[in-house]
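K.L.:
One structure coming up, written as structure tokens, with questions to follow.
Values in this text are rule-based calculations from the coordinates and carry no lab data. All figures in this text were calculated on a predicted structure; none of them were measured in a lab. So basically every Cβ, Gly included, is an ideal-geometry build from the backbone, and we count neighbours across all protein chains shown.
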Amino acid sequence: MILAALLACVVAQGELSEGVPASARSVTAETLPKVVKIFGAGGLRGLPAYGTGFLISPRGHVATAWNHVLDADPNILVVLDDGRRLNCKLLAADPVGGLAVLEPGRDDLDLPYFDPAEFAPAEPGARVLAFSNSYKVAGGDEPVAVQRAVVSAVAELDARRGRNAAGIAGPVLILDAPTNNPGSAGGPVVDRRGLLVGILGRELKNDATNVYVNYALPAAEVGPTLAAMVEGEFVAADAAPPVLSGGPQPADLGALLVADVVRRTPAYVELVEEGSPADAAGLRPDDLIVLLGGDLVPSIRQLRARLAAVEPGEPVDVVVRRDGELIPLRIAVPVAEDLREPPAKLSRPRRR
């Protein structure tokens, strides 16, 4: 009788009782199969060509953060927890919300996943676990990194990317651990029961302190958007523009643009390769290319199309907007034999 009472007490107070958080070890084991590594665009001046995501359907749909890595569409490589590789394309994106969903090129999968309709609200003081391929710790079947954190606040995001405001609407979860490192964007944040509470956002700095912000997009806010993306009820991003031949592309000039995930993505410069023609001409990260050869540049796609008509070896005149000013630049274009292969070359994952 006494033994039975003691056992009942242990069960009531331990991890086996309903509603009591499971151990971090068991939650980690349950979560890792749902986390994926993403490889895509990047590589210039240390810009990571990798990121993180997580499965949100048994068919292999992947939720992640909207960022430059996705500019490799439609050749985004997703590596599952067990090492299997999937070629994915961008299904839908919400740049304002900082979200994106990828779709695999096959439909015969049956995978473990997070249901975006089943999430847990997170409040200040909540203990969570953040999963990510931070610094590319995993490239195959290796497990991604797991960090313990506490939600220190739920607040509006006052941050920026370079000189530009982050543009993320709504409150975010501020975490007390260094979770937003290179490659972390898109990783899931779960509570001690394994329920989804947030998605790690892309690297951003606090606008007041110039310090990187460790934050996550609340699952309670973004869950419905992700579900709509999977079901095709959200405005999906167009396919990437076709590879053009003949003239140069931004990569040939040494410039990497922001992710081209909507029809009229502005031609913002993400990075400039040191020693490249773009660098020599004075092009800088966060510049917005507004004119090419005197013609208005309304989007990245129009910029690529117009560059394709430029004769190799001839300079191009551009006008960029920087800190509210319009600055004219002349960029030298490499001769034909020095042009790189199609831009997909920059989008392939770099192996170390």
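K.L.:
Quick one: 3J(HN,Hα) in Hz for segment 75-88, Karplus 6.51/-1.76/1.60 with θ = phi - 60°, rounded, Gly and Pro as x.
P.N.:
10, 8, 9, 10, 10, 6, 4, 8, x, 5, 10, 10, 8, 10
K.L.:
Count charges around residue 292 for me, please; just the other residues with Cβ under 9 Å from its Cβ, Lys/Arg as +1, Asp/Glu as -1.
P.N.:
-1
K.L.:
Within a 10 angstrom radius of the beta carbon, how do 327, 289, 300, 199 rank from fewest other beta carbons to most?
P.N.:
Final ranking by Cβ density, sparse to dense: 327, 289, 300, 199.
K.L.:
Kirkwood Rh, segment 49-123, all Cα pairs: how many Å?
P.N.:
Hydrodynamic radius (Kirkwood, Cα pairs) of segment 49-123 is 12.9 Å.
K.L.:
List the pairs from 34/89; 34/136; 37/205 whose alpha-carbon separation is above 21 Å, in the order I gave them.
P.N.:
Over 21 Å Cα-Cα: 37/205.
K.L.:
Another question, if that's okay. When you count, for each residue, the other Cβ atoms within 10 Å and take the mean per peptide, how do 226-234, 63-71 rank with the highest first?
P.N.:
With the highest mean Cβ count within 10 Å placed first, the list reads 63-71, 226-234.
K.L.:
Additional query: What ranking, highest mean first, results for peptides 119-127, 50-58 when packing means the other Cβ atoms within 10 Å averaged over each residue?
P.N.:
50-58, 119-127
K.L.:
Another question about this same structure. If amide H atoms are built 1.01 Å from N in the plane of the peptide, which residues on other chains or at least 5 residues away come under 5 Å of the amide H of residue 198?
P.N.:
It is 189, 219, by chain and number.
K.L.:
Next question. From the backbone phi of segment 310-322, what are the Karplus-calculated ³J(HN,Hα) couplings (6.51 cos²θ - 1.76 cosθ + 1.60, θ = phi - 60°) in whole Hz, Gly and Pro given as x?
P.N.:
My calculation for segment 310-322 gives 7, 6, x, x, 9, x, 10, 9, 10, 10, 10, 9, 9 Hz in order.
K.L.:
For residue 185, which sequence-distant residues (separation of 5 or more, or a different chain) have an amide H within less than 5 Å of its own amide H, given hydrogens modelled in the peptide plane?
P.N.:
52
K.L.:
Can you list residues from other chains, or at least 5 along the same chain, whose modelled amide H is less than 5 Å from the amide H of residue 297?
P.N.:
Residues meeting the amide H criterion: 291, 292.
K.L.:
Related question: How large is the dipole of segment 19-230 about the Cα centre if only Lys and Arg carry +1 and Asp and Glu carry -1, each at its Cβ, rounded to the nearest 20 debye?
P.N.:
For segment 19-230, the charge dipole is close to 540 debye.
K.L.:
If you add up the charges near residue 27, with Lys and Arg at +1 and Asp and Glu at -1, over every other residue whose beta carbon is less than 9 angstrom from its beta carbon, what do you get?
P.N.:
+1
K.L.:
Could you line up 134, 23 from fewest to most neighbouring Cβ atoms inside 10 Å?
P.N.:
23, 134
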